[in-house]
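*Asks:* The following block contains the structure, expressed as structure tokens.
Coordinate-derived values only; no laboratory data. Quick caveat, the model's predicted, so the values are computed rather than measured.
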Amino acid sequence: MLFNSSSFFIFFICLLAVTALSPSKWTKIILLIASLIFYSFWYPPYLIMLLVTVSINYLFLKRIYILRST
């Protein structure tokens with residue numbers, strides 16, 4: 001999916017509507033899922049690599065937060 005394609009425009013409008021209608025606490029999760037869907041349209045095997053990277057970053061940031069709060 002390219003940025004100048006009609007499928008991206010439809011995807012973006014739907015995403016905008018969903019984020020506008022959803023509670024604010026769900027916005028980050030919705031955007032994360034939408035970006036994973038967007039990147040999987042280009043080359044689906046990269047989705048696995050992206051999920052691994054996001055998970056590792058999440059675990060590292062969680063650990064940093066725990067260390068700073070003590």
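*Asks:* Mind checking which of Leu51, Leu21, Leu32 has the largest fluctuation in a GNM of the chain, springs on alpha carbons under 10 Å?
*Replies:* Its mean-square fluctuation being the largest, the pick is Leu21.
*Asks:* Go ahead and set up a Gaussian network model of the chain, Cα springs under 10 Å, then flag whichever of Phe12, Phe38, Phe60 fluctuates most.
*Replies:* Phe60
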